[in-house]
Amino acid sequence: MSHYKSNMRDIEFNLFEVLKRDEILGKGAFEAVDVDTARDILSQMDRLSREDLAASYEDSDRNPPVFDPKTNAAPLPAAFKKSYQAYMDSEFWRLQINEDLGGTPAPSSLNWAMGELILGANAPIWMYAAGPSFAGVVYNNGTDRDKQIARIMVEKQWGATMVLTEPDAGSDVGAGRSKATLNEDGSWNITGVKRFITSATNDMTENVIHLVLARPAGIDGVGGPGTKGLSMFIVPEWHFDHETGELTGERNGAYVTNVEHKMGIKVSNTCEVTFGDASVGGGEAAKGWLVGEVHNGIAQMFQVIENARMMVGTKAIATLSTGYLNALEYAKSREQGADLTESANKAAPRVTITHHPDVRRSLMTQKAFSEAMRSLVLYTASWQDEIQIAEHNGERNEMAERINDLLLPIVKGYGSERSWVLLGTESLQTLGGSGFLQEYPIEQYVRDAKIDTLYEGTTAIQGQDFFFRKIVKDQAKALGYLNSEVIAFIKAGTEDGRLKVERELLSKAVYDSAALVNHMISTLMSADESAEGGNIKNIYKVGLNTSRLLMVLGDVVCAWLLLRGAEVALEKLGGEVSPADKAFYEGKVAAAQFFARNNLPKISAELAIAEATDLSLMELDEASF
Ligand code: ST9
C-alpha cells in the first residue's frame, strides 16, 4: 500500500471552485491545456504519484546512495531509478517548459498542483528531474549559444544543479570565493570548492550541467566583493558539442569530492563539488561559459532560487498533508480508552481515538494548516499565472510580480516551519508510540521535511527577505494591495452570516498585524543616524522580530484564504450536493472556523511582544548564554 495519501478533492476545489482556473485554461497563453485536459493530467499524476513514484520512497531512505571516492560518484538505488524513469516517461515535466524548448505552456497553478503530488510522493524525483526547468533560465538569459545549450539540455534530459554555496558562504552567498578566469577562446576556468550541491552526481542522466556562481578575476569593473561581483557560468560535467549536444568524451574538471550523510531525503545526493583542482580526478581544468555573456550572476541565479523556494514550500506542505491523512486513517481505526463522558465507568466500551477531544483538536489542527497552506501555494501560483498571461501578451503585470515576490517567503518560510513542527508534534503524535516506528511513514516525513526550513534560505533569511525586501523596499505596495483584498472580504460579509465571528477575528488580526508592520517600520526609521535622535542599534529590534512578522502574516493570509474557501463551500451547501460533497464542504467551513478561532487571537500577543522588544538580548554578554 502506498505511503502517499493525496488530497485531490481539495486540490480541485482550490483550482476550480475558488481560484476559477477554468476561466484561464484553453485559451490565450494556455490554449493547449483546457479544463478537461488539466483535470485529466491531475488524475494521471495522482495515480502515478501514489503508485510508481511513492513505490521507492522507503527503499530510497533505507538504502541510500554511497559515495565512491574512486569514481567520484554515488549511484542511486535501482528502485528509485525506476520511479524517476516513470516520471520522465510521463512527459508531464514538459508543462513547466518554454514552448521554444519543446514544452507545453501550462498555468503555474496547474504545475504546482501537480508538483504537490510528486513532491508529497517522493520529492527527490522532482529535484533530479529539474534539468529541463533549469534550461529555461539558461534560455531566458542566454546568448544564441546558450539558447542552443538549453535546447540540448531539454532534448537530452540532462541533470542540472544550482551551485552557490561554499563551506564559508551559506546564507551569505556574497562571501563566495570561487574564481573565474577568462581564456583566450572566450571560455572561463573555474576554481574553488562548493558545498551542499543538490543532484551533482547521478547515474540516470548522461551529463549534468552545473550553473555556477564564481567571481571573475583580473577584469576591470567586474568581480567585486559581495553578491553583485558574482557571475553565472554553465559548467558541464562532460564536454559536449554546443551545436549538436554530442558528448566529446572529454571530462570537465568539475568533480564530486564528497556526498553528505543526512537526516532525511537521503536519496537526494548532496555533494561537495571541486572545480579545477589539479589533484582531483584527471586534474582537468573546469571550463565554464558565462551565461548571456553578461556579469549578472546573482540576479540570474535568483530566477532559479525563486522557483526552488516555491518548490521547497510546496514540498513541505505536501508532506504535512500526507502526514495528516496517514494520521487520520490511523486514528479512525485505533481503539483506545473509553469516551471521556464514560471515564468513571471502567466497563464502558472502548472507542476509536477520533472520539477523544485532544485527538480531534490535533486532527483538525493538521487539517486546517495543511488545507490553508495548500490554498496559499495555489493562490501564490495564481499570481504567477497572471505574470505568464501578461508575458504572453507582450506585457508585464508588475503588481502580480510584486505580490508573488511578497508571498514567496511565506510559502517557503512559514510553510516549512509550520509543516515540520506539525508533522512532529501532531501527525506523528496521533499514532502514539507507533508513530516512532519505521512501520509507518511519519517518522520519515519528519526527517525529510526538516531540511525545508534550512535550504534555499533558512527561515531567518526568509524573515529578513520578507520585511526588508518585500515590504520596506517595495514600499509596502504588494502588502497594501493584499491588505485591501482582505479588508474587502471582511466587509463583504453579512451581519447574520455563519462566518461572522471569524470575520471579526480576521478584522482584529489585520488591525494588529498592520500595527506590527508599522511598529517595525518606525523602529527601522529610528535606526537612521542621519536623522535626529537616530540610533543604529535599533535595527537589532527589527531583526529580533522579522521571523515573528513572517509567521504572523502567514497566519493572517492563511486564515483569509481558508475563510474565502469556506464562503464558497457555504454557497455550495445552499444547493443540492451529494453526501460526499456535503461532508467535504462542511469540513472546509469547520477548518476555516477552527483556524481563525485558534490562531488569530494569538496575534495580539505577538504584537505586544514585538512592541516590548528592547536591546537587552543584544547587550547580553555572550558568556551569559
Ligand atoms: C540550495 C539547494 O539550498 C536546495 C535544493 C535545490 C533543489 C533543486 C531543484 C529545484 C528546481 C529549481 C528549478 C529552477 C528552474 C527555474 C525555472 C524558471 C524559468 N528575490 O539584498 P541583497 C538578488 S541552494 C529576487 O543586497 P546580499 C537581487 O538581484 C542555496 N532577487 O543581498 C539583489 O539585487 P537588487 C540557496 C533577490 O546582502 C541581489 O540579490 N541559498 C532576492 O548581497 C543582492 O541582494 C540561498 O537561498 C529575492 N528575494 O545577499 C541563499 N534577494 O537588490 C540565502 C536578493 O539590486 N541567502 N536578490 O535587486 C540569501 O538569500 C541572502 O539574503 C542573500 C544576501 C544572499 C541574497
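The values are calculated or read from the model by the stated rules, or taken from the named source; none is laboratory data. A quick note: this is a predicted structure, and the numbers were derived from the prediction, not measured. Here the Cβ positions follow ideal geometry from the backbone for every residue, glycine too, while neighbour counts run over all protein chains shown.
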Do we have any residue at all in the range 446-459 that's more than 13 Å from the ligand (Cβ to nearest atom) and over 21 Å from the mean Cα position of the chain (by Cα)? no
Go through the residues of the range 75-90 one by one and say whether even a single one is in contact with an Asp or Glu (Cβ under 9 Å, 6 or more places away or on another chain) and under 30 Å from GLY283 (Cβ atoms). yes
ILE387 fails exactly one of the following numbered conditions: (1) more than 28 Å from ASP448 (Cβ to Cβ); (2) surrounded by 24 or more Cβ atoms within 10 Å (Cβ to Cβ). What is the number of that condition? (2)
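Every residue, every condition in (1) within 21 Å of THR319 (Cβ to Cβ); (2) of a type in the set (D, E, K, R); (3) outside the structural domain of ASN202 (by TED's automatic domain parsing), yes or no:
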position	(1), (2), (3)
ASP68	no, yes, yes
ALA74	no, no, yes
ALA79	yes, no, yes
MET88	no, no, yes
GLN96	yes, no, yes
GLU99	no, yes, yes
Determine whether the range 411-431 contains at least one residue that is part of a helix (DSSP H, G or I), of a type in the set (Asp, Glu), over 25 Å from SER333 (Cβ atoms) and not assigned by TED's automatic domain parsing to the domain that holds MET114. yes
Given the conditions (1) outside any loop (DSSP other than H, G, I, E, B); (2) farther than 16 Å from ALA372 by Cβ; (3) over 19 Å from the mean Cα position of the chain (by Cα), and given that SER547 satisfies all but one, which numbered condition is not satisfied? (3)
From the list ALA492, ALA476, ALA509, exactly one residue is loosely packed, with under 14 Cβ neighbours inside 10 Å and either on the phi > 0 side of the Ramachandran plot or more than 16 Å from the ligand (Cβ to nearest atom) (or both). Which is it? ALA492
Residue tally, condition more than 28 Å from the chain's Cα centre (by Cα) and closer than 30 Å to SER83 by Cβ, over the range 268-280: 0
What number of residues within the range 259-274 are touching a residue at least 12 places away in the same chain (Cβ under 8 Å) and more than 16 Å from the ligand (Cβ to nearest atom)? 1
Please give the helices (runs of 4 or more DSSP H) falling wholly within the range 1-68 in which 1 or more residues are of a type in the set (S, T, N, Q). 35-48, 57-62
Only one of ALA591, ALA559, ALA608 is in a helix (DSSP H, G or I), at pLDDT 95 or above and farther than 23 Å from ALA514 by Cα. Can you tell me which? ALA591
Identify, from the list ALA372, ALA368, ALA348, the residue that is assigned to a loop (DSSP other than H, G, I, E, B) and either closer than 30 Å to GLY463 by Cβ or of a type in the set (A, V, I, L, M) (or both). ALA348
Could you check, for the range 239-250, whether at least one of its residues is touching a residue at least 24 places away in the same chain (Cβ under 8 Å), in contact with a Phe, Trp or Tyr (Cβ under 6 Å, 6 or more places away or on another chain), surrounded by 24 or more Cβ atoms within 10 Å (Cβ to Cβ) and over 20 Å from SER171 (Cα atoms)? no
Please count how many residues of the range 275-314 are of a type in the set (Gly, Ala, Ser) and either assigned to a strand (DSSP E or B) or within 16 Å of the ligand (Cβ to nearest atom) (or both). 7
In a loop (DSSP other than H, G, I, E, B), at pLDDT 95 or above and touching a helix residue (DSSP H, G or I) at 6+ places or on another chain (Cβ under 7 Å): does that describe ALA527? yes
Look through the range 200-227, keep the residues that are in a loop (DSSP other than H, G, I, E, B) and of a type in the set (Gly, Ala, Ser), and return whichever of them is farthest from the chain's Cα centre (by Cα). GLY218
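Here is a yes/no grid of residues against (1) of a type in the set (A, V, I, L, M); (2) within 25 Å of the chain's Cα centre (by Cα); (3) surrounded by fewer than 19 Cβ atoms within 10 Å (Cβ to Cβ):
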{"residue": "LEU230", "(1), (2), (3)": "yes, yes, no"}
{"residue": "VAL256", "(1), (2), (3)": "yes, no, no"}
{"residue": "LEU290", "(1), (2), (3)": "yes, no, no"}
{"residue": "GLY297", "(1), (2), (3)": "no, yes, no"}
Residue identified as in contact (Cβ under 8 Å) with a residue 24 or more places away in the chain, more than 13 Å from the ligand (Cβ to nearest atom) and not assigned by TED's automatic domain parsing to the domain that holds ASP68 among ASN202, ASN189: ASN189
Given GLY174, GLY136, which one is in a helix (DSSP H, G or I) and more than 30 Å from GLU99 (Cβ to Cβ)? GLY174
Being buried (at least 21 other Cβ atoms within 10 Å of the Cβ), over 29 Å from LYS262 (Cβ atoms), out of contact with any strand residue (DSSP E or B) (no Cβ under 7 Å at 6 or more places or on another chain) and outside the structural domain of GLY565 (by TED's automatic domain parsing) narrows it down to one of LEU15, LEU53, so name that one. LEU15
Taking the stated definitions as given, is VAL542 surrounded by 14 or more Cβ atoms within 10 Å (Cβ to Cβ), modelled with pLDDT of 95 or more and more than 21 Å from PHE466 (Cβ to Cβ)? no
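Where in the range 438-497 are the helices (runs of 4 or more DSSP H), entirely inside, with at least 3 residues that are in contact (Cβ under 8 Å) with a residue 12 or more places away in the chain, of a type in the set (Val, Ile, Thr) and more than 30 Å from LYS266 (Cα to Cα)?
Counting at least 3 such residues, we get 477-491.
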Just to be sure before I move on: is GLY424 modelled with pLDDT of 95 or more and either in contact with a helix residue (DSSP H, G or I) (Cβ under 6 Å, 6 or more places away or on another chain) or more than 16 Å from the ligand (Cβ to nearest atom) (or both) in the structure I sent? yes
